[in-house]
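Below: the structure, in structure tokens.
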Amino acid sequence: MDPGRRHLLRTGAALATSLLASGASRSSEPSLGRVVVVGGGFGGATAARYLRLWGGNIHVTLVERNPSFASCPMSNLVLGGYKQMGDITRTYDSLSALGVHFVQGEVLSIDVPGRSVRLADGTALPYDRLILSPGIDFIYDLVPGLLPALAGGQVVHAWNAGAQTLALRQQLEAMPDGGVFAITIPKAPYRCPPGPYERACLVASYFRQTKPKSKVLVLDANPEIQSKKALFERAFAQYHAGILEYWPNAELKEVDGNLARLEFEDVKADVLNVVPPQRAGDLARKAGLVNVNQRWVGVHWLTMESTVAPGIHVLGDATFSAPQMPKSAHMANQHAKVAAAAVIQLLQGEPVNATPMVMNTCYSFITPTDAIHVASVHQYDASERTYKTVPGSGGVSAAASPLEGRYAHAWAENIWADTLG
Amino acid sequence: MAAIEAVRVCIPAILLTGALSHFAALAQDIHLARNLAATCASCHGTNGEARGDMKPLAGMAAQQLRQVFAEFKSGTRPATVMHQIARGYTEEHIGLIAGYFAAQPAKR
């Protein structure tokens, strides 16, 4: 065989191998480019998945610090003892099978001008476009004593699902009958507006069944319930009276062990669950993307691109929300599809969708079986360059029902599949 | 002579077609139907392949989906949430979504 032909064969074999390794679905097409996605929650995982579904030959790397996916939605059922951690945990295997290069690791820094992500183990991941879905981190400075109490385990937040969820469940199980569970809610905006009220309901349900002399105290920094207000008020009165007590304008000022100091009084809790004040995830701050109220990332809503760093798209809870847009898993999943479509078109040098829409549906359990929802539909408004809710659309449940409880479970099953495959 | 005539006729036609398609790209993304349908996928599954208690939309006849949506919008079809969601989409949106899901293979 002549050397030229041999070389050609080798190159061909190497090319085929590299295409297989990259999971390219359409090997005849040139690669669109390299996209790195950081954060494998509802936003990041959906973005990675839809880039592969819609992008053809596109190299997608997903970086996530955890080996598996733990869902915040439905995690309050775990706290109540109505689901197990295994029920809300999923692998990233289907994304890998789709050709997403999954890397479990911690991002150390982002070289914005150099377009490269550096991991803690020294790996450099160069990108043509970067998608960040960093979630939230906490503003410890606003609550003196909180950081040491969390570190020491006297207080849990359970506002990221996983080890914190289990820790809170164990504390609730260990609490004697007649004890007090207090949950503190920060001023809005925070991740999952109805989440704390759902949690209070499900812990109250658990207490009624197993520790009926116990109390649930909801200490809300806000002047009123932040989502599905009338429905939660009805649930508190109808199902949880005698166990659950709701205090508005009760902002947590300081934590001392499991003592919650408010403005005018101190609350001693057997189990203290602090939902801390929140901002965009550390990663966004380190990359210099936090430019709204020193907390959130401003984005161009047509592409989800940061308003300060071209080429970096930011999704989910970390963004400075459009009017009436909740920080929810469902919304992060929707952001991700807008970003995936836009990133593909930008890599192809094509104009992006000028009229995107997103929508949200969020279920909350008020008992182990009955749920309520809030829904909204958001259309991009070109003149104001943001999303606005469509007049006449959206709303909340007429009443809590077991039917909506079934839909809540189905919602979770479907959004997990849409996010992870 | 006939060939020259044909060229005369064709050039403006090509220019016009080019201009129109450029305009269309600005006015409406070629993936708009896919993108709108993707807003349904969070609950109804990727490409409408729903699981469990959610209604699969993949393979549903376009006329049927438009009809169901119209009934949700008007309130004549019982709903927990879909009446509120349907009212967020225009007839044009619904037509595009219906066309997209009708073209997807039904999985169950």
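Below are the figures for this structure:
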{"quantity": "Test for residue A:361: is it within 10 Å of chain B (Cβ to nearest Cβ), open to solvent by less than 30 Å² (accessible area, probe 1.4 Å) and not small (Gly, Ala, Ser)", "calculated": "yes"}
{"quantity": "In the stretch B:40-49, residue nearest to the other protein chains (Cβ to nearest Cβ) [restricted to those that are more than 15 Å from residue B:105 (Cα to Cα) and open to solvent by 10 Å² or more (accessible area, probe 1.4 Å)]", "calculated": "B:43"}
{"quantity": "Single condition residue A:74 does not satisfy, out of (1) touching a residue at least 60 places away in the same chain (Cβ under 8 Å); (2) over 30 Å from residue A:175 (Cβ atoms)", "calculated": "(2)"}
{"quantity": "Residue list for the stretch A:364-376, restricted to those being among the hydrophobic types (A, V, I, L, M, F, W, C) and either more than 7 Å from every other protein chain (Cβ to nearest Cβ) or surrounded by fewer than 21 Cβ atoms within 10 Å (Cβ to Cβ) (or both)", "calculated": "A:365, A:366, A:371, A:372, A:374"}
{"quantity": "Tally, over the stretch A:391-406, of residues that are at positive phi and either open to solvent by less than 30 Å² (accessible area, probe 1.4 Å) or more than 7 Å from chain B (Cβ to nearest Cβ) (or both)", "calculated": "2"}
{"quantity": "Residue satisfying condition, being modelled with pLDDT of 95 or more, farther than 27 Å from residue B:43 by Cα and either of a type in the set (Phe, Trp, Tyr) or surrounded by 19 or more Cβ atoms within 10 Å (Cβ to Cβ) (or both), within set A:351, A:276, A:326", "calculated": "A:276"}
{"quantity": "Pick from the stretch A:22-46, criterion touching a Lys or Arg at 6+ places or on another chain (Cβ under 9 Å) and modelled with pLDDT under 95, ranking: most open to solvent (accessible area, probe 1.4 Å)", "calculated": "A:25"}
{"quantity": "Test set (1) within 30 Å of residue A:169 (Cα to Cα); (2) open to solvent by 20 Å² or more (accessible area, probe 1.4 Å) - residue A:305 fails condition number", "calculated": "(1)"}
{"quantity": "Long-range neighbours under 6 Å by Cβ, at least six apart or interchain, first residue polar (S, T, N, Q) within the stretch A:85-104, second part of a helix (DSSP H, G or I)", "calculated": "A:94/A:420"}
{"quantity": "Residue match in the stretch A:377-390 (condition: part of a strand (DSSP E or B), of a type in the set (D, E, K, R) and either within 11 Å of chain B (Cβ to nearest Cβ) or in contact with a strand residue (DSSP E or B) (Cβ under 7 Å, 6 or more places away or on another chain) (or both))", "calculated": "yes"}
{"quantity": "Residue list for the stretch A:193-224, restricted to those being open to solvent by 10 Å² or more (accessible area, probe 1.4 Å) and among the β-branched types (Val, Ile, Thr)", "calculated": "A:210"}
{"quantity": "Set A:167, A:174, A:163: member being touching a residue at least 12 places away in the same chain (Cβ under 8 Å) and aliphatic (A, V, I, L, M)", "calculated": "A:167"}
{"quantity": "Long-range neighbours under 6 Å by Cβ, at least six apart or interchain, first residue more than 12 Å from every other protein chain (Cβ to nearest Cβ) and among the basic types (Lys, Arg) within the stretch B:66-91, second part of a helix (DSSP H, G or I) and open to solvent by 50 Å² or more (accessible area, probe 1.4 Å)", "calculated": "none"}
{"quantity": "Residue check for residue A:245: charged (D, E, K, R) and more than 17 Å from residue A:149 (Cβ to Cβ)", "calculated": "yes"}
{"quantity": "Which numbered condition residue A:82 misses (of (1) touching a residue at least 12 places away in the same chain (Cβ under 8 Å); (2) under 26 Å from residue A:365 (Cβ atoms); (3) in contact with a helix residue (DSSP H, G or I) (Cβ under 6 Å, 6 or more places away or on another chain); (4) not acidic (Asp, Glu))", "calculated": "(3)"}
{"quantity": "Residue check for residue A:375: of a type outside the set (Lys, Arg) and out of contact with any Asp or Glu (no Cβ under 7 Å at 6 or more places or on another chain)", "calculated": "yes"}
{"quantity": "Yes/no for residue A:409 being within 11 Å of another protein chain (Cβ to nearest Cβ) and buried (at least 22 other Cβ atoms within 10 Å of the Cβ)", "calculated": "no"}
{"quantity": "Filtered residue count, the stretch A:236-274, keeping only those that are of a type in the set (Val, Ile, Thr) and either farther than 21 Å from residue A:143 by Cα or in contact with a Phe, Trp or Tyr (Cβ under 7 Å, 6 or more places away or on another chain) (or both)", "calculated": "2"}
{"quantity": "Breaking point among (1) within 8 Å of another protein chain (Cβ to nearest Cβ); (2) under 24 Å from residue A:341 (Cβ atoms); (3) of a type outside the set (Val, Ile, Thr); (4) assigned to a loop (DSSP other than H, G, I, E, B), for residue B:34", "calculated": "(4)"}
{"quantity": "Unique residue being of a type in the set (Ser, Thr, Tyr) and in contact with a Ser or Thr (Cβ under 9 Å, 6 or more places away or on another chain) when the list is A:140, A:197", "calculated": "A:197"}
{"quantity": "Subset tally (residues that are surrounded by 14 or more Cβ atoms within 10 Å (Cβ to Cβ) and in contact with a helix residue (DSSP H, G or I) (Cβ under 9 Å, 6 or more places away or on another chain)) for the stretch A:91-107", "calculated": "9"}
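The values are calculated or read from the model by the stated rules, or taken from the named source; none is laboratory data. What you see is a predicted model; the values in this text were computed from it and never measured. Note that we place each Cβ from the backbone using ideal geometry, even for glycine, and neighbour counts take in every protein chain shown. When the accessible area is computed, the model is the full protein with side chains, heavy atoms only, and any ligands, DNA or RNA have been set aside. Shrake-Rupley method; radii C 1.70, N 1.55, O 1.52, S 1.80 Å.
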